[in-house]
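The values are calculated or read from the model by the stated rules, or taken from the named source; none is laboratory data. Not measured: the values here are computed from a predicted model. Cβ: placed from backbone, ideal geometry, glycine included. Neighbour counts: every protein chain shown.
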Amino acid sequence: MRGATFTRHREIAWRGGRTTSTSRLVAEESAIALTYNGSTHAVMMGTPADLEDFGVGFSLTEAIVDRASEIRSIELVSNELGLEVRMWLDGNRAAALAARRRAISGPVGCGLCGIESLEQARRAPSRVDGRSTVFLARDLLGAMQALSPLQTLNQQTRSVHAAAFWHPRNGITLVREDVGRHNALDKLAGAIVRDGGSARDGAVLLTSRVSVEMVQKAAMIGAPVVVAVSAPTALAIQTANEAGVTLLAVARDDGYGVFTHPRRVLLPEETASRAGF
């Protein structure tokens with residue numbers, strides 16, 4: 001199931017010193033309920049597309065399941081209020097979720113609404129695999145530059161985030177977009193798993209800032225490198241350091257910053273000699 005991702009709306013525009021009556025494409029935003037075994041767990045505002053990916057990815061990054069195979073089935077249901085992603089878990093996972101039952105109601109960009117304790121907000125991150133793969137910094141920057149033309153919804157609306165997976169041999173293999181940056185990353189996580197792949201040999205690319213929950217989600221799927229166009233928060237840097245995630249941020253045409261675990265990134269020779277890492 002895929003709802004409309006954008007619609008056309010009329011606008012009175014003032015640009016170039018004059019007023020015109022025109023129209024523009026606007027991204028859709030829908031209420032999306034994530035339910036498990038008949039009970040609603042989360043209601044998020046998001047783009048009504050790639051919802052199977054969203055359900056699987058959210059389940060993995062929020063530690064509701066350890067493996068996608070623990071989700072027995074997924075059903076998408078639409079009604080006048082929004083959409084439901086109905087998931088059924090196997091017996092053990094269903095019992096574990098019932099024990100920690102909580103409800104989240106979150107607006108776009110809010111990934112921590114509805115939590116019950118400070119411990120949930122600051123959960124210990126998963127440790128990523130410490131393998132010795134090294135990425136060329138120029139390749140990661142090139143990947144970020146290659147992402148923009150692949151953001152089809154953003155090209156039309158200029159109002160959505162993207163999360164993408166890049167592999168050093170295959171380039172950008174998956175892109176997911178959403179009005180919510182957390183949702184985009186969850187959709188990417190689900191897409192990687194449903195595609196039969198793994199995030200352990202590549203990098204997650206983000207068109208948003210890097211907050212702590214973005215690092216937590218990337219670590220949950222084992223991504224060793226996260227590259228973002230905007231700056232990280234201090235807690236995101238701390239969490240990436242604890243999780244063993246290499247964090248590149250402020251990755252733009254003029255360069256980038258490496259904030260954690262630089263051993264995975266081969267910097268240009270003239271920069272590496274002065275980096276002091």
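Key figures
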| read-out | value |
| --- | --- |
| The range 211-240, residues that are surrounded by 24 or more Cβ atoms within 10 Å (Cβ to Cβ) and under 18 Å from Q151 (Cβ atoms) | M214, V226, V227, A228 |
| Any hit, the range 152-169, residues being in contact (Cβ under 8 Å) with a residue 60 or more places away in the chain, surrounded by fewer than 21 Cβ atoms within 10 Å (Cβ to Cβ), in a helix (DSSP H, G or I) and not hydroxyl-bearing (S, T, Y) | yes |
| Out of V226, V215, sole residue that is at pLDDT 95 or above and either in a helix (DSSP H, G or I) or more than 18 Å from R127 (Cβ to Cβ) (or both) | V215 |
| Cβ pairs under 7 Å, 6+ apart, first in the range 181-195 and under 17 Å from T152 (Cα atoms), second among the basic types (K, R) and assigned to a helix (DSSP H, G or I) | L185/K217 |
| Filter pass, R67 being outside the structural domain of K187 (by TED's automatic domain parsing), among the basic types (K, R) and either within 19 Å of A189 (Cβ to Cβ) or buried (at least 19 other Cβ atoms within 10 Å of the Cβ) (or both) | yes |
| Qualifying residues in the range 246-277 (those that are farther than 15 Å from M144 by Cβ and either basic (K, R) or part of a loop (DSSP other than H, G, I, E, B) (or both)) - the one modelled with the lowest pLDDT | R274 |
| Of the criteria (1) farther than 22 Å from D50 by Cβ; (2) surrounded by 24 or more Cβ atoms within 10 Å (Cβ to Cβ); (3) within 14 Å of the chain's Cα centre (by Cα), which one L247 fails | (3) |
| Odd one out for R176, checked against (1) closer than 26 Å to I74 by Cα; (2) part of a helix (DSSP H, G or I) | (2) |
| Residue check, L205 buried (at least 23 other Cβ atoms within 10 Å of the Cβ), assigned by TED's automatic domain parsing to the domain that holds L147 and closer than 16 Å to A162 by Cβ | yes |
| Residue, surrounded by the fewest Cβ atoms within 10 Å (Cβ to Cβ), within the range 2-34, restricted to residues that are touching a Phe, Trp or Tyr at 6+ places or on another chain (Cβ under 9 Å) and more than 23 Å from L174 (Cβ to Cβ) | T20 |
| Positions within the range 35-44 being surrounded by 13 or more Cβ atoms within 10 Å (Cβ to Cβ) and assigned to a loop (DSSP other than H, G, I, E, B), in sequence order | N37 |
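Quick grid of which residues meet (1) assigned to a helix (DSSP H, G or I); (2) closer than 24 Å to R123 by Cα; (3) at pLDDT 95 or above; (4) within 20 Å of the chain's Cα centre (by Cα):
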position: I12; (1), (2), (3), (4): no, no, yes, no
position: A49; (1), (2), (3), (4): no, no, yes, yes
position: V65; (1), (2), (3), (4): no, yes, yes, yes
position: R72; (1), (2), (3), (4): no, no, yes, no
position: E75; (1), (2), (3), (4): no, no, yes, no
position: W88; (1), (2), (3), (4): no, no, yes, no
position: R93; (1), (2), (3), (4): yes, yes, no, no
